[in-house]
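Participant: Handing you this structure, nothing more for now.
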């Protein structure tokens with residue numbers, strides 16, 4: 001589930017990079033136009049200009065806009081992380097059964113046995129209310145995609161924004177400092193996520209936790225510094241979300257443990273389909289093969305026994321035909337002899 005979340009983030013960032021690079025059209029003189037510029041970039045410019053008049057800088061306007069967006073997304077993100085944490089705790093409870101089912105699936109010699117193991121895994125998920133996606137939702141990413149696009153286009157095609165200097169950083173140019181700060185903020189968020197994670201899962205999550213910070217680093221290095229401010233502030237809010245989730249985690253763990261304790265223990269054999277148990281039994285499989293071969297041999301013997309009967313009946317028929325033709329042959333021979341005697345006379 002964690003891998004799916006990271007792959008989703010990677011795909012979203014890749015698609016976002018492609019979208020931002022070619023969604024605004026320009027004339028020969030370099031003037032931007034199009035739906036994205038008219039309905040996203042211009043409103044974003046107007047909003048940041050209004051905020052800049054209040055706070056005194058376009059850089060602080062981006063910070064304020066980022067805080068507003070993140071405060072709006074905070075309840076959604078916390079609820080999503082809570083759902084994902086519940087799924088993780090349930091997965092931790094059924095890990096022994098999952099490990100045994102995975103071993104059976106690897107040891108399966110026929111497609112039927114592999115399908116039976118997969119069906120048992122699905123049944124285990126259903127009985128414990130575990131989702132295949134692990135509680136991952138796309139709503140936060142879908143909400144942020146237009147904001148990314150609007151900020152990118154507004155900063156790139158607005159002379160006021162692109163030439164503004166904020167804390168020594170020109171907003172329209174790439175900033176190594178903001179790229180590194182964004183990388184560190186998301187790296188810290190990954191570290192905070194692993195604090196309440198069991199040791200067995202930490203080994204699996206270690207490499208995957210680096211994917212999101214690395215992608216943020218690469219994207220920030222190819223984007224204007226104004227967007228780097230958005231990522232950096234967003235990383236700090238992600239750390240705040242994770243801290244809130246770590247406060248929820250002990251209570252979630254106790255609730256899931258109590259819920260699982262109230263259920264009847266289920267073994268892997270109980271989850272396996274009835275037909276698959278017989279197929280997986282070597283003795284039953286050998287007996288089935290033996291019966292099938294015996295039926296096949298019996299059929300061959302019956303076919304062979306029918307062939308002599310057909311040949312014998314055919315020979316009898318030929319004998320009858322010969323016997324029925326014998327008088328006619330004798331009469332012909334007798335008439336031929338009479339004709340020869342008549343000619344001799």
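Participant: Quick check: the distance between the Cα centres of segment 37-80 and segment 217-250, to the nearest angstrom?
Facilitator: When both Cα centres are located, 15 Å separates them.
Participant: Could you compute the FRET efficiency for residue 267 and residue 174, with r as their C-beta to C-beta distance and R0 at 45 Å, rounded to 0.05?
Facilitator: Values: r = 58 Å, r/R0 = 1.28.
Step by step, r from the Cβ atoms, then E = 0.20.
Participant: Please compute the length gained on full extension between residue 123 and residue 105, using 0.36 nm multiplied by the number of residues separating them and subtracting their Cα-Cα distance. Don't skip to the end; give the middle numbers.
Facilitator: Details: separation 18, 0.36 × 18 = 6.48 nm, distance 1.47 nm.
Gain on extension, residue 123 to residue 105, equals 5.0 nm.
Participant: What is the distance in Å between the Cα centres of segment 86-119 and segment 164-184?
Facilitator: Here the answer is 48 Å between Cα centres.
Participant: Please arrange 231, 72 by counting, for each residue, the other beta carbons lying within 10 Å of its beta carbon, fewest first. Don't jump to the answer; show the numbers that get you there.
Facilitator: Numbers: 231 22, 72 10.
Listed from fewest to most nearby Cβ atoms, that is 72, 231.
Participant: By counting other Cβ atoms within 10 Å of each Cβ, how are 142, 161 ranked from fewest to most? Intermediate values should be presented prior to the final figure.
Facilitator: On the way: 142 10, 161 24.
Final ranking by Cβ density, sparse to dense: 142, 161.
Participant: If each of residue 55 and residue 142 carries a label point 7 Å out from its Cα toward its Cβ, how far apart are those two points in nm?
Facilitator: Here the modelled spin labels are 2.9 nm apart.
Participant: Label points 7 Å out from Cα along the Cβ direction at residue 248 and residue 195: separation in nm?
Facilitator: Distance between the two pseudo-spin positions: 1.6 nm.
Participant: So how do 130, 155 line up by other beta-carbon neighbours within 10 Å, fewest first? All intermediate terms of the calculation are to be shown ahead of the outcome.
Facilitator: On the way: 130 20, 155 28.
Lowest to highest Cβ neighbour count: 130, 155.
Participant: Each label point is 7 Å from the Cα along the Cα-to-Cβ direction; what then is the distance between the points at residue 211 and residue 78, in nm?
Facilitator: 2.8
Since every read-out is calculated from the coordinates, none of them should be taken as a lab result. Quantities reported herein were computed from a predicted structural model and do not represent experimental measurements. Methodologically, a virtual Cβ is constructed for each residue, glycine included, from the backbone with ideal geometry; neighbour enumeration extends over all protein chains shown.
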